[in-house]
Amino acid sequence: MNNTVILIRYGEIHLKGLNRPFFENTLARNIRHALAGFDNAEVLKGEGRFYVKGIEPQRIDEAIARIRKVFGIVSVSVAAEVDKDMDIIKAVSVEQMKRAYKTGSKTFKVESRRSDKTFPYKSPDISREVGGYILENIDGLKVDVHTPDVVLNIEIRENAYIYYDCIDGPGGMPVGTAGKAMLLISGGIDSPVAGYMIAKRGVELSAVHYYSFPYTSQRARDKVEDICRILSGYTGPIKIHMVPFTDIQQAIYEHCPDNQLTILTRRFMMRIAQKLARQNGCKAIVTGESIGQVASQTIDSLAVTEAAVDMLVLRPLIAFDKVEIMDAAKKIGTYETSILPYEDCCTVFLPRHPVTKPKLEAIESSEELLDIEYLEQCAIENMEIVPIKA
């Protein structure tokens, strides 16, 4: 037997004790969802590993590109699965090293792990036997146990698994193991990164986007959908609630002090997000706010904004600077879309001199000039829901 399998490792799940099967089953489900369209793919549970079988050789790279985005996965390898027979292991190890040799590798070492203690060779013996056999059968290779070009790995588990490449996954916890949250997504750089970080802890995301037609264009909405499509490659499907916001902003602009426009706008956004969150079974609101980045993100402003709701508000970027957030956006692939120059509703009615130390009493006094319930209800009634998946 010599089959090509994708070997998947996971990390934190090992620490979950009696709840571990729940986390493992959720991870297996998410891997299967990521492989939608691979009709013959099988996701099998092994001892501390998952194995994916049935992927056509020409689609291995595509499958790995999807799998390595699944939260909970630490790393992935393409492995040869063979019988636990030393002669077969040695022969296939030579095949694997010949492939690595073609990439320019000149030095190697063999690392072995024997989970099946009934296998007659101990780990050091496996490495020594296989390493010697490789040297006998491939000219030009040398052993370097400190800084080798290639590390050939041999794992003795249900069968023997031989591989030389290890591709990083995102880590974290499987989405769906930590409840649901509502992400405020603007179309900028920050909020997709915030969503990514929360989903990485196992939280399933829904999203709400506020748009101000005709001040914001269809292209701005399309941009948000594109960002969520990229994000959904990691998080799974995302349902975007597209909420019209023009009437609310116009009412604030006409009736309230200019310097309070941003804070009042953010409080409306939070209240609507809370209502949608409860409708969707979400237990928290997620934002991309970072202390001091703009006037609405001072400590005073954040406190007044959060006072509008009584739901848990998660701000995973709260201590990040802009460069750190941009680097994260580039890493997850949302940056280039986020910087497209299409306006969002937060830039439409900007105050000339926004208040940076708002007083809750003053803000609530201004809100008494508005029919909050009516404005929010109209916005929700005219909302559109857009389902997004990678």
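The values are calculated or read from the model by the stated rules, or taken from the named source; none is laboratory data. Every value quoted in this text rests on a predicted model; they were computed, and no experiment measured them. With ideal geometry, Cβ positions are generated from the backbone for all residues, glycine too; neighbour counts draw on all protein chains shown. All accessible areas refer to the heavy atoms of the entire protein, side chains included, with ligands and DNA or RNA removed. Shrake-Rupley method; radii C 1.70, N 1.55, O 1.52, S 1.80 Å.
Quick notes on this one:
- Distance violations [Cα-Cα > 20 Å] among 53/331; 53/102; 45/84; 98/142; 275/322: 53/331; 53/102; 275/322
- Amide H within-cut-off set for residue 180, under 5 Å, with H built and near neighbours excluded: 204, 283
- Largest-first ordering by accessible area, 1.4 Å probe, given options 146, 209, 33: 146, 33, 209
- Largest to smallest accessible area among 320, 268 [probe 1.4 Å]: 320, 268
- Computed over protein heavy atoms with a 1.4 Å probe, the carbon and sulfur contribution to the accessible area of the chain reaches 51%.
- Evaluated with a Cβ-only charge set (Lys, Arg +1; Asp, Glu -1), the chain carries a dipole of roughly 1080 debye about its Cα centre, given to the nearest 20.
- Estimated from helical segments only, the mean residue ellipticity of the chain at 222 nm is -12000 deg cm²/dmol, where each DSSP H run of four or more residues counts as -39500 (n - 2.57).
- Cα gyration tensor shape for region 134-205, rounded if a/c is under 1.5, else prolate or oblate: prolate
- Ordering 244, 358, 332 by the projection of their Cα atoms onto the charge dipole of region 236-390, which places +1 on the Cβ of Lys and Arg and -1 on the Cβ of Asp and Glu, puts 332 at the extreme positive end.
- Projecting the Cα atoms of 73, 118, 171 onto the charge dipole of the chain, computed from C-beta unit charges around the Cα centre, puts 118 farthest toward the positive end.
- Here the chain carries DSSP beta bridges of which approximately 55% are antiparallel, counting only pairs with both residues inside.
- Annotation: aspartates and glutamates with alpha-carbon distance below 18 angstrom to residue 389 (same-chain offsets under eight excluded): 62, 204, 222, 225, 226.
- Rounded to 10°, Cα long-axis angle of helix 20-34 versus longest principal axis of the chain: 80
- Using the alpha-carbon positions of the chain, Rg (one decimal) and Dmax (whole number) come out as 26.4, 86 Å.
- Surface exposure of region 144-261, expressed per residue as accessible area with a 1.4 Å probe, stands at 35 Å².
- The share of C-alpha pairs in region 279-390 whose separation exceeds 20 Å stands at 60 percent.
- Here's the list of aspartates and glutamates a cross-link from residue 16 could span, going by alpha-carbon distance under 14 Å and ignoring same-chain residues fewer than 8 apart: 24.
- Anisotropy class of region 80-120 from Cα gyration tensor, a/c 1.5 cut: prolate
- Nonlocal amide H pairs with residue 239, under 5 Å, H built at 1.01 Å: 207, 388
- Protection proxy ranking for 87-94, 180-187, 292-299, 235-242, using the average of other Cβ atoms within 10 Å per residue and placing the highest first: 180-187, 235-242, 87-94, 292-299.
- The chain: angle of helix 372-381 to the longest principal axis, Cα-based, in degrees nearest 10: 50
- Computed from the alpha carbon atoms alone, the convex hull of region 6-100 holds 113 Å³ per residue.
- Rolling a 1.4 Å probe over the protein heavy atoms leaves residue 247 with an accessible area of roughly 110 Å².
- If R0 equals 35 Å, the separation of the Cβ atoms of residue 62 and residue 247 corresponds to a calculated FRET efficiency of about 0.15.
- Cα-only Debye scattering, region 198-313: base-10 log of I(q)/I(0) at q = 0.11 Å⁻¹: -0.40
- Sequence ranges 8-20, 125-137, ranked by mean other-Cβ count within 10 angstrom, highest first: 125-137, 8-20
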